[in-house]
1. I'd like the FRET efficiency for L224 and F179, computed as 1/(1 + (r/R0)^6) with the beta carbon distance as r and R0 of 41 Å, rounded to 0.05.
2. Please list, ordered by chain and number, the residues whose modelled amide H lies under 5 Å from the amide H of L490; skip anything fewer than 5 residues away on the same chain.
3. Run a plain Debye calculation on segment 100-152 (Cα atoms as equal point scatterers, no solvent) and give log10 I(q)/I(0) at q = 0.30 Å⁻¹, rounded to two decimals, same order as the q list.
4. Please state the equivalent ellipsoid semi-axes for segment 426-517: what are the square roots of 5 times the Cα gyration tensor eigenvalues, largest first, in whole Å?
5. Rounded to the nearest 0.05, what FRET efficiency do A438 and D204 have when you use their Cβ-Cβ distance and R0 = 56 Å?
6. By how many nm would the segment from T425 to R271 lengthen if fully extended, with 0.36 nm per residue of separation less the alpha-carbon distance?
7. Please report the net charge: other residues with Cβ closer than 12 Å to the Cβ of L472, K and R +1, D and E -1.
8. What ranking of E248, E29, E254 emerges when the number of other C-beta atoms within 10 Å of each C-beta is taken as an exposure proxy, fewest first?
Amino acid sequence: MIYQIYPRSFMDSNADGTGDLPGINSRLEYLEWLGVDAIWISPIYPSPMADFGYDVSNYTDIDPLFGTLSDFDSLVQTAHAHDMRVILDYVPNHSSDQHPWFVASRAGRDDARRDWYLWHEPGADGAPPNNWLSSFGGSAWEWDPASAQYYYHAYLKQQPDLNWRNPEVQAAMYDVLRFWFNRGVDGFRIDALRQVIKDAEFRDNPPDPNWNPGRDPYRRLLPLHSADQPELMDIVHRFREVAEEYPERVLIGELWLTIERLVAYYGREGRGLHLPFNFHLILTPWQAPAISALIDTYEAALPPKAWPNWVLGNHDRSRVATRVGAAQARVAAMLLLTLRGTPTLYNGDEIGMHDVPIPAHLVQDPFEKNVPGIGVGRDPERTPMQWTAGPGAGFTAGMPWLPLADDYREVNVERQRGDPKSMLTLHRRLIELRRRTAALSVGGYAPVYNDDDLLVYERQADDMRVRVALNLSHAARTIPWSEPKSTVMLSTHLDRDGEVGEQLDLRADEGLVLTMP
Ligand code: NOJ
């Protein structure tokens, strides 16, 4: 199980209101108790923080806000001593505009680093070279008056895209991976991977016929020529080759793609990513038929030997408890932790944190600032972790960089650790059950039954069969059960065990894990 840490919001050790590495270190005991196998930490590199660390100005150091390289080394050492792996974020698509590479590149057309980024002559009448859009609003091209060319940025203008068709860029960025692998890092989550290589001819993107005004303006066009290009696979192969220089390292790709395109990134014969992130539980409506179809489609699409994975939330999307509601968030946790494949859990989801509305004057996210008022902002899912009912929710002794949720006195780790029926206890028990039950951790998957409200599937390994029955509705439901003598291992309500007779009664919003005879 991978646990995503958004470092600004996890634990603040020095009262500056922002989380840091010593803070994470101080909470490793909690993560071990929870049963985490690996932590993935969103970017901690030096950064002007225009996009809160996804604008890297030095790929091989730690931002002072988060600590020092020696803090990082000690985090890795402690995590490893507790049998937890450490995965870093790798941001190859773009650097910060403050990175010395870009500062040089911008200095003039003759600079040796000019071609490290994507510079282009203007189009007709001085317009941008093509119609490509920035994910964060507006054109993806920024005019540089001094050198009279445009540069390309898939995200903010403070995040110029590197030119991955330049072999020097490739070599420098592969060395970044080696730098951290040599320090003991166990793997990377690769940011914005689908955008890393763009069409060599920079052809215009076509309009998306399904877009309508009021939706995210980036979606007005289909990113046909600006993402998921055929040449990207060569780069992925090279990432894998670098990872293979070291024993037991993992590569995870951030890829917002259809299932068909997503699974292509496993590559052939183990030459691609270990885990192309599967975000489809975030994208699929929370309805039993849709989810059942999703699982079937994904399972069927996986290439031979590919290991699946599932993600329920992250720092870019509304929290699961907000998307599906508090009661169904328990069912969602059971789904995430009993499906076949590696689950990724976003910090705070294990205690049922919800999106926190952010008043306009406190907005931090540049996406919300650029495209206000249509709900694209990501601050609500990035608020500080709620550790205790005390001041600063136990996250900080200072002023938190984003407001705390108003329910932190009730919804916090300390309180839920002591509550045998809490959301946190449910997560811990599911993780523990998954760990000690081969059918759940490595077994096969087979659908059993679904209707409008119910989702039932089986996991099996050796001669053990485990069934998961999920009620995605707010009403009690009964399943005719042809196999008597199944036994409840765990209910989302944490109040039930024992044998089940010839029918299975699920209460409203209840999920069960059962062993089958
Ligand atoms: C995806 C990251 O998850 C997101 O937070 C970031 O803003 C963009 N990539 C740009 O790096």
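What follows draws every value from the coordinates through simple rules; no lab data is involved. Just so it is clear, the structure is predicted and the values come from calculations on it, not from any experiment. So basically every Cβ, Gly included, is an ideal-geometry build from the backbone, and we count neighbours across all protein chains shown.
1. With R0 = 41 Å, the Cβ-Cβ based efficiency is 0.75.
2. V513
3. Each listed q maps to, in turn, -1.15.
4. Its equivalent ellipsoid spans semi-axes of 19, 15, 13 Å.
5. 0.60
6. Stretched out fully, the T425 to R271 stretch lengthens by 51.6 nm.
7. -3
8. Ranking E248, E29, E254 by Cβ neighbours within 10 Å, fewest first, gives E248, E29, E254.
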